[in-house]
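For reference, the structure is listed below as structure tokens.
The values are calculated or read from the model by the stated rules, or taken from the named source; none is laboratory data. The structure displayed is predicted, hence computed values, not measured ones. Reconstructed Cβ throughout: ideal geometry from the backbone, glycine too, with neighbour counts over all protein chains shown.
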Amino acid sequence: MAWNLEIHHIDVGQGDSTLIIARDINFFGNVVQTQAALVDGGTYAKGVDVHDYVTNTANLNQVDVIVATHYDADHFGGLRRVLGNGTAVYDNALIFDQGEPGQISVKSSRGQTGFVQHISNREQDYTAYLTAINSRGARNRVTANVSCAPPSTHMTALAGWRQPNWLLGEELLWHGAVPPVGAPTITCIAANQYVDGVVGGPFTSGMAVDPKNEKSLALLVEFNNFRYYLGGDIESTQETRIAQRINPANNAQGRVLAMKVSHHGSDRSTAATFVNRLRPSAAFISCGFDNTHHHPRPTVLQNLQNCATLQHYYLTADRNNQAFRTRVGKNGPPAVAPNLAGAYTAKAVVAGCWGGLYDAGPGVREGNIILSVTTAQSLQPVTGAIPMGTHRFRVTCESANCANHQNVQNDHD
């Protein structure tokens, strides 16, 4: 038997959702075991599309692990929708997130051995998320007792609250069990502004910004020699340390073969030094048509373009923001379609088409992008020549960069 790994970058527009599937396939080509993790779910409205993708496109009848990288609506809103939709697909899921973001107050009571606890300052979306988790099934929120901020008193720790860095180094896909031999794994390498294996923390930018992004969970998917990184909306302050964790010697042997670009291509992450240290062959950006944040930013695209090891970077939907229109040659008004086939760089692959005016062809196409790795591919060395006719992994999607929406099938060497 041999394991296969699939990483599905689900097109949720302005948001993020990744489905990671490990399938054990026997000699006859039959799937004998499947383990699946859903990382983020886009906005609440997109939860319907995510569930449809999980059950009808990926053909799953069970999701084993759910991860909310952080509590932004465009990441965990859709998880609230799928958890509350009344189906059994998520009933036995292990759930991982940042932990409790509210203010925890703990005190002991005279004559009692326990503690009186009060939690305040919870946001409405977060309480709705907890309601959805508890709506049905035997779901286990593993991080329920993790405090997003360090426990303020000795009694808080005594009352059972875990430190914000508790999740570092934990394996998530097979949590609580020994992973099968040769199977893919998912390890948490950053949480709540702490980074696995890096002394110190929390690591903060010092800027007056919402810390939700900086507190994002970052994950490392490993399958023999193949490695893939994703980090929610995490920012450069944390990525500097994450790069040290992933590739401590800063050499080709320590590279990841693929990565998801953090924060939809925001210029607050994915610095050139980070990309060049990770040395990916493929990078993926989840961003929506005509999104209000103008993601991805030109500086990030240029960092990817200049990365010597990168064969292609992929976007989950066609762009209609000014920065990208300029990049592909649209300098309106007047509002005319850009020359897509002639304007994209050789490294850029844009999947799906949503905006009729700027499409290369008619009709709506979702920009889902799938990375797949077989056991044989995962055993290839991460650097140097490999046998002719073999590859390290494959990426497939439907391209917006052609008039007839041809399927893209890129083999990465």
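What are the residues in segment 14-57 that are touching a His at 6+ places or on another chain (Cβ under 7 Å) and either among the charged types (D, E, K, R) or surrounded by fewer than 19 Cβ atoms within 10 Å (Cβ to Cβ) (or both), if any?
Listed by number, the residues that qualify are 16, 40.
Considering only residues that are of a type in the set (A, V, I, L, M, F, W, C) and within 24 Å of the chain's Cα centre (by Cα), which ones fall in segment 365-400?
Narrowing segment 365-400 to residues of a type in the set (A, V, I, L, M, F, W, C): 369-371, 373, 376, 379, 382, 385-386, 388, 393, 395, 397, 400.
Within segment 365-400, 369, 370, 371, 373, 379, 382, 393, 395, 397, 400 qualify.
Restricting to segment 361-397, give me the number of residues that are at pLDDT below 90 and surrounded by fewer than 18 Cβ atoms within 10 Å (Cβ to Cβ).
4
Can you tell me which residue in segment 281-298 is modelled with the lowest pLDDT, limited to those that are part of a loop (DSSP other than H, G, I, E, B) and of a type in the set (A, V, I, L, M, F, W, C)? Before the answer, list the steps.
Residues of segment 281-298 part of a loop (DSSP other than H, G, I, E, B): 281, 286-297.
If we keep only those that are of a type in the set (A, V, I, L, M, F, W, C) as well, we get 287, 289.
Details: 287: 83, 289: 63.
Result: 289.
Select, from 82, 50, the only residue that is farther than 12 Å from residue 133 by Cα, among the β-branched types (Val, Ile, Thr) and in contact (Cβ under 8 Å) with a residue 12 or more places away in the chain.
50
Filter segment 190-212 down to the residues that are part of a loop (DSSP other than H, G, I, E, B) and at pLDDT 90 or above, then identify the one that is nearest to residue 270 (Cα to Cα).
First pass over segment 190-212, keeping only residues part of a loop (DSSP other than H, G, I, E, B): 192-193, 196-212.
Narrowing further to those that are at pLDDT 90 or above: 192-193, 196.
Numbers: 192: 18, 193: 16, 196: 19 Å.
The selected residue is 193.
Out of everything in segment 39-61 that is in a loop (DSSP other than H, G, I, E, B) and out of contact with any helix residue (DSSP H, G or I) (no Cβ under 6 Å at 6 or more places or on another chain), what residue ends up being farthest from residue 6 (Cα to Cα)? Break it down stepwise before answering.
Quick first cut of segment 39-61, residues in a loop (DSSP other than H, G, I, E, B) only: 40-46, 58-61.
Keeping just the survivors that are out of contact with any helix residue (DSSP H, G or I) (no Cβ under 6 Å at 6 or more places or on another chain) gives 45, 58-59, 61.
Working: 45: 25, 58: 10, 59: 13, 61: 16 Å.
My answer is 45.
Restricting to segment 299-333, and then to whatever is in contact with a helix residue (DSSP H, G or I) (Cβ under 6 Å, 6 or more places away or on another chain), closer than 15 Å to residue 350 by Cβ and of a type outside the set (Gly, Ala, Ser), can you tell me which residue is modelled with the highest pLDDT?
Selected residue: 313.
Just to be sure before I move on: is residue 179 within 24 Å of residue 42 (Cα to Cα), surrounded by fewer than 22 Cβ atoms within 10 Å (Cβ to Cβ) and either aromatic (Phe, Trp, Tyr) or in contact with a Ser or Thr (Cβ under 9 Å, 6 or more places away or on another chain) (or both) in the structure I sent? Step through it out loud before you land on a result.
Working: within 24 Å of residue 42 (Cα to Cα): no; surrounded by fewer than 22 Cβ atoms within 10 Å (Cβ to Cβ): yes; either aromatic (Phe, Trp, Tyr) or in contact with a Ser or Thr (Cβ under 9 Å, 6 or more places away or on another chain) (or both): yes.
When the stated conditions are applied, residue 179 does not pass them.
Any idea which of 22, 36 is in a strand (DSSP E or B), within 30 Å of residue 374 (Cβ to Cβ), in contact with a Pro (Cβ under 7 Å, 6 or more places away or on another chain) and modelled with pLDDT of 95 or more?
On the way: 36 fails: in contact with a Pro (Cβ under 7 Å, 6 or more places away or on another chain).
Answer to the check: 22.
With respect to residue 85, determine if the residue is at pLDDT 95 or above and either outside any helix (DSSP H, G or I) or more than 12 Å from residue 19 (Cα to Cα) (or both).
Details: at pLDDT 95 or above: no; either outside any helix (DSSP H, G or I) or more than 12 Å from residue 19 (Cα to Cα) (or both): yes.
Judged against the criteria, residue 85 is not a match.
Can you name the residue in segment 235-276 that is among the β-branched types (Val, Ile, Thr) and more than 19 Å from residue 192 (Cα to Cα) and is also surrounded by the fewest Cβ atoms within 10 Å (Cβ to Cβ) among such residues?
Initially, segment 235-276 is screened for residues among the β-branched types (Val, Ile, Thr), giving 237, 240, 242, 246, 256, 261, 270, 273, 275.
Keeping just the survivors that are more than 19 Å from residue 192 (Cα to Cα) gives 256, 273, 275.
Working: 256: 24, 273: 13, 275: 23.
Per the stated criteria, the residue is 273.
Taking residue 149, is it surrounded by fewer than 23 Cβ atoms within 10 Å (Cβ to Cβ), aliphatic (A, V, I, L, M) and not in a loop (DSSP other than H, G, I, E, B)? Steps first, please.
Details: surrounded by fewer than 23 Cβ atoms within 10 Å (Cβ to Cβ): yes; aliphatic (A, V, I, L, M): yes; not in a loop (DSSP other than H, G, I, E, B): no.
So residue 149 fails the test.
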